[in-house]
Amino acid sequence: MKPLVVLTAKYPKIVREILSGLCELVEHPSEQGRSEEEMITILSEADAAITLLSDPLTRNVLSANRDLRMIANYAVGYNNVDVDAARELGVTVTNTPGVLTEATADLTMGLILAVMRRIAEGDREVRTTGQCLWEPLHLLGTSLTGKRLGIIGMGRIGSAVAQRARAFGMKVTGTHRGEPIYELLATSDVVSIHAPLTSETRHLMNPETLWAMKRGAFLINTARGALVDEVALCAALDEGQIGGAGLDVYEDEPDVNSRLLAMPNVVLAPHIGSATEETRSAMARIAATDVAMFLRGQRPSHVIV
Ligand code: 8YV
């Protein structure tokens, strides 16, 4: 009997091309915010699975089916996986690093531009009025040239953002994992977060750190929503402490804080950092190739656990 590989979403077709003949594939429609019970049901017969960031792979889920031997998480981040439980239960876990660096850095730059140059506000205005109203003092934004970008997390994505920002004439300060961030916060005109979500980094941006930023500076988050205390961010935006924000990720995805929806100086993207044809296909190739290697008894190339 062939092993059963569960796909928790509709992934790019390269997944089927790589895995056909090697296993039986069962595909579930994409769904955000599955419960543990739903995950247990979906994975009940699986030997391996390709999973989404929004799929909870908790100890309960991983231990419910003892035949489950491998999870290929279709993301570079893996805060949805209880890695300690996976290690103890002998479940191999892989991710898709590297291939989404440029796409995520591009989107970060896009959000920096959109917030500083008020592009989304302008788009809404043109659609609402049906006109291109031009006035010397209308929709004035902030120039990028000469401004300082503070990058929290100078890993692969943070470094790619730094490269782009320098090309726009920005000065760049960056911190690495575990380094203090207060000087960066106090001196940056724009702060962009590129850190993984862990118990240490949850609410990295909180009332204290948001108020340690330069007054009127901008905050960009294309990493994980829970790195930012959204209630504190709304308060900081309301009070003008933060001049604007560009967000691709939210604390309670798929839900978005309704206060953010009402703020004109906040640009909201629907978690599309890696959403290019090229990148999503490359992620699918990595995930499926790692599953294929595992099924053939080889060590997958991108093992976390
Ligand atoms: C994905 C991401 O869109 O890779 C990550 O960590 O956040 C994004 O690339 C998402 O994870 C898809 O599961």
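The values are calculated or read from the model by the stated rules, or taken from the named source; none is laboratory data. Not measured: the values here are computed from a predicted model. Glycine also receives a Cβ, built like all others from the backbone with ideal geometry; neighbour counts cover every protein chain displayed. What goes into the accessible areas is simple: the full protein's heavy atoms, side chains included, and nothing from ligands, DNA or RNA. Shrake-Rupley method; radii C 1.70, N 1.55, O 1.52, S 1.80 Å.
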Original post:
Taking helices (runs of 4 or more DSSP H) that do not extend beyond region 207-284, which have at least 1 residues that are at pLDDT below 95 and under 30 Å from Val15 (Cα atoms)?
Top reply: none
**OP:** Could you check how many residues of region 231-277 are within 16 Å of the ligand (Cβ to nearest atom), in contact with a strand residue (DSSP E or B) (Cβ under 9 Å, 6 or more places away or on another chain) and among the small types (Gly, Ala, Ser)?
**Re:** 2
Original post:
Going by the structure shown, is Arg280 within 15 Å of the ligand (Cβ to nearest atom), in contact with a Leu (Cβ under 7 Å, 6 or more places away or on another chain), under 30 Å from Leu62 (Cβ atoms) and open to solvent by 20 Å² or more (accessible area, probe 1.4 Å)?
Top reply: no
**OP:** Kindly indicate whether any position in region 106-126 is without any contact (Cβ under 8 Å) to a residue 24 or more places away in the chain, open to solvent by 60 Å² or more (accessible area, probe 1.4 Å) and of a type in the set (A, V, I, L, M).
**Re:** yes
Original post:
How about region 127-141: which of its residues are loosely packed, with under 12 Cβ neighbours inside 10 Å and either β-branched (Val, Ile, Thr) or at pLDDT 95 or above (or both)?
Top reply: Arg127, Thr128, Thr129, Gly130, Gln131, Cys132, Glu135, Pro136, Leu137, His138, Leu140
**OP:** For Arg148, state whether it is open to solvent by 40 Å² or more (accessible area, probe 1.4 Å), in contact (Cβ under 8 Å) with a residue 40 or more places away in the chain and under 19 Å from the mean Cα position of the chain (by Cα).
**Re:** no
**OP:** Only residues that are in contact with a Leu (Cβ under 8 Å, 6 or more places away or on another chain), among the polar types (S, T, N, Q) and not in a loop (DSSP other than H, G, I, E, B): list them for region 30-53, please.
**Re:** Thr51
Subject >> Exclusive hit being closer than 17 Å to Ala269 by Cβ and open to solvent by less than 40 Å² (accessible area, probe 1.4 Å), set Leu219, Leu210 >> reply: Leu219
**OP:** Only residues that are within 16 Å of the ligand (Cβ to nearest atom), open to solvent by 60 Å² or more (accessible area, probe 1.4 Å) and touching a residue at least 24 places away in the same chain (Cβ under 8 Å): list them for region 28-61, please.
**Re:** Gln32
Subject >> Candidate set from region 62-88 (those that are outside any loop (DSSP other than H, G, I, E, B), within 16 Å of the ligand (Cβ to nearest atom) and not small (Gly, Ala, Ser)); member that is farthest from Arg156 (Cα to Cα) >> reply: Ile71
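Table: residues versus (1) more than 23 Å from the chain's Cα centre (by Cα); (2) assigned by TED's automatic domain parsing to the domain that holds Arg202.
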{"site": "Arg34", "(1), (2)": "no, no"}
{"site": "Ala49", "(1), (2)": "no, no"}
{"site": "Asp55", "(1), (2)": "no, no"}
{"site": "Asn60", "(1), (2)": "yes, no"}
{"site": "Tyr78", "(1), (2)": "no, no"}
{"site": "Val91", "(1), (2)": "yes, no"}
{"site": "Thr94", "(1), (2)": "no, no"}
{"site": "Leu107", "(1), (2)": "no, yes"}
